[in-house]
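Asks: What follows is a structure written as structure tokens; I'll ask about it next.
The values are calculated or read from the model by the stated rules, or taken from the named source; none is laboratory data. All values reported here derive from a predicted model rather than from experimental measurement. Neighbour counts run over all protein chains shown; Cβ positions are idealised from the backbone, glycine included.
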Amino acid sequence: MTSSAPGAAPPPLPPRSRPPARPTGRSRRRGCLIALVVAAGLTVPLVGIVAAIAIPAYQDYLARSRVAQTLAATAALQPAVVAFVEAQGRCPGNGDPGFEPAEAYAGPGVAAIVFGESDARVCAIELLLQDDRHEEVDGHRLWLEYDVAGGDWRCSAEVEARYLPAPCRG
């Protein structure tokens, strides 16, 4: 250890570095503006892509729900057909007791319902679908056919399978 002479000054401290200058308010705003422009530039195309996928999917969903709603509304007519076949021994037609004219059944999603015998010689309920907002469904037909021997109902349609409820896609 070295001893320093009395009265000698300690060695000088190294010079202090100055803290970096803080950005002025103007340059901070410029950085926020750039970040905002970049975020908007990335968000707008992303929203466009999502909309391009979501809107058609939603329209398909609405058309499917309209067909399913119409089919569910006609479920009450099936027991009437079965009862008529058991009582009369034949398929009912529009105008038979308990069955109105085809246009009397018009309502949400259906323009008319026709009762009768199909080309396959089974009792059938024919639904004329109506949906002005979805041309994929509007004006097409859906059939519910009753197999008297088997006692079960089958569903078929002119509509694409993707618009049909699961029981009708077979």
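Asks: Looking at (1) touching a helix residue (DSSP H, G or I) at 6+ places or on another chain (Cβ under 6 Å); (2) surrounded by fewer than 11 Cβ atoms within 10 Å (Cβ to Cβ), find the lone condition where Val44 falls short.
Replies: Here Val44 meets the rest and fails (1).
Asks: Suppose we keep only residues that are surrounded by 16 or more Cβ atoms within 10 Å (Cβ to Cβ) and within 20 Å of Gly139 (Cβ to Cβ) within the range 70-107. Which one would you say is farthest from the chain's Cα centre (by Cα)?
Replies: The extreme case among them is Asn94.
Asks: Among (1) part of a strand (DSSP E or B); (2) of a type outside the set (Gly, Ala, Ser); (3) touching a Gly at 6+ places or on another chain (Cβ under 8 Å), which single condition is Leu142 missing?
Replies: Just one mismatch for Leu142, condition (3).
Asks: A further question on this structure: Please list, ordered by first then second residue, the pairs with beta carbon atoms under 9 Å, 6 or more apart or interchain, first in the range 66-82 and at pLDDT 90 or above, second part of a helix (DSSP H, G or I).
Replies: Matching pairs, first to second residue: Leu77/Tyr105.
Asks: Moving on to the next point. Taking the condition out of contact with any Ser or Thr (no Cβ under 8 Å at 6 or more places or on another chain), closer than 17 Å to Gly151 by Cβ and among the aliphatic types (A, V, I, L, M), does Val81 pass?
Replies: Spelling it out, Val81 is indeed out of contact with any Ser or Thr (no Cβ under 8 Å at 6 or more places or on another chain), closer than 17 Å to Gly151 by Cβ and among the aliphatic types (A, V, I, L, M).
Asks: Counting only residues that are within 28 Å of Ile55 (Cβ to Cβ), assigned to a loop (DSSP other than H, G, I, E, B) and in contact (Cβ under 8 Å) with a residue 60 or more places away in the chain, how many does the range 145-170 have?
Replies: 3
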